[in-house]
Amino acid sequence: MKWSKKFLAVAAAMTMAFAAAGCGGGDNSGNAGGSDSADVEALLTKAQETMAGVESMATEMNMEISMAMGEESIDMITNAKVLTVNEPLKMQMDMSMDMGEMGSQDMQMFAEEKDGQFVTYINMDGAWYAQSATAESLAQYDADANMDLYLKNISGFSKTGEEDVNGKTASKIEGVLTGDAMKEAIQDSGALSSVENMGLSTEDMEALYSSDLPLTMWIDADGYVVKYEMDMTAMMQAVMDQAMASAGAEAGDAKIEISKTAVSMICKDFNAVEVEIPAEAANATVIG
């Protein structure tokens, strides 16, 4: 499969980046109407206030990508568990990636802010590496900081039911993030840094904004966003088409078909998380 490894890496990096990076700017006034629209808008506003006051939290993201090229297909499942403490920032991420016949990979990352500088520590196969980082590069993994961006930009929203999440009853809110809102926010968020080294240009990224992004959020009575889901299939297909064209794919080449790109994020343990940087990280090999 000529393109599989490169473009599977692109799909994974992009989905990780944009799943957590959110989309900023704008407001949530574009509701779908209906008798409950005022109540839903009030709940979204309450959620903005509640999530803005969160000092620490735990999240667990599950991401599924299914893609095919000709007769070959690949399914990739990624699980990332993240603990985040704000002010000063401390973060722990444990990620596992299963790519079927292409193998699997586990990674553990810690990050901390020290005297206004950011450092990441990565444990891969028992070896520790340290690297300086920027606030923007870490923001893509911070669901707490980016939740406000989702809340402000969801449009066409409506309440479609109530469900139990983490033992609490939560309102299910469905809507979309528009392409225009995503374009302005993603360009300012630093999320694109995650895929620049994949050989994608600014023009390639324009494909991100060709369609709206379906978003479903679950918000409990206290205003905590306890879960959200995104269907990024159409977005990823548009980007993959553009990326293949930029890489020199010809009309007769098999097309990479994205049949599924789904992200689910569970948020819990609000204001009850602590992160400790392992002692082994102090002797990490400095890279970059």
Could you give me the residue pairs with C-beta distances under 7 Å whose first residue belongs to segment 216-245 and is more than 26 Å from Leu44 (Cα to Cα), whose second residue is of a type outside the set (S, T, N, Q) and assigned to a loop (DSSP other than H, G, I, E, B) wherever it lies, and which are 6+ apart or on separate chains? Ala243/Leu200; Met244/Trp3
Does Met93 satisfy the condition of being more than 30 Å from Lys152 (Cα to Cα), in a strand (DSSP E or B), modelled with pLDDT of 85 or more and touching a strand residue (DSSP E or B) at 6+ places or on another chain (Cβ under 7 Å)? no
Pick from segment 74-85, criterion among the polar types (S, T, N, Q) and in contact (Cβ under 8 Å) with a residue 40 or more places away in the chain, ranking: farthest from Ala111 (Cα to Cα): Thr78
Just to be sure, is Thr15 in contact with a Gly (Cβ under 6 Å, 6 or more places away or on another chain) and either at pLDDT 85 or above or outside any strand (DSSP E or B) (or both)? no
Would you check if there is a residue in segment 151-166 being closer than 26 Å to Met76 by Cβ, at pLDDT below 85 and assigned to a helix (DSSP H, G or I)? no
Please name all residue pairs, on different chains or six or more residues apart, with Cβ atoms under 8 Å, provided the first residue is in segment 91-115 and is surrounded by 14 or more Cβ atoms within 10 Å (Cβ to Cβ) and the second residue is of a type outside the set (Val, Ile, Thr) and part of a helix (DSSP H, G or I). Met91/Leu138; Met97/Ala12; Met99/Leu8; Met102/Ser4; Met102/Lys5; Met102/Leu8; Phe110/Ala281; Ala111/Leu138
Subset of segment 155-171 (residues that are surrounded by fewer than 16 Cβ atoms within 10 Å (Cβ to Cβ) and of a type outside the set (Ser, Thr, Tyr)): Gly161, Glu162, Glu163, Asp164, Asn166, Gly167, Lys168
Within segment 39-73, residues touching a residue at least 24 places away in the same chain (Cβ under 8 Å), in a strand (DSSP E or B) and over 21 Å from the mean Cα position of the chain (by Cα) come out as Ala68, Met69, Glu72
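The values are calculated or read from the model by the stated rules, or taken from the named source; none is laboratory data. Computed from a predicted model, the values in this text were never measured in an experiment. Virtual Cβ from ideal backbone geometry, glycine too; neighbours counted across all protein chains shown.
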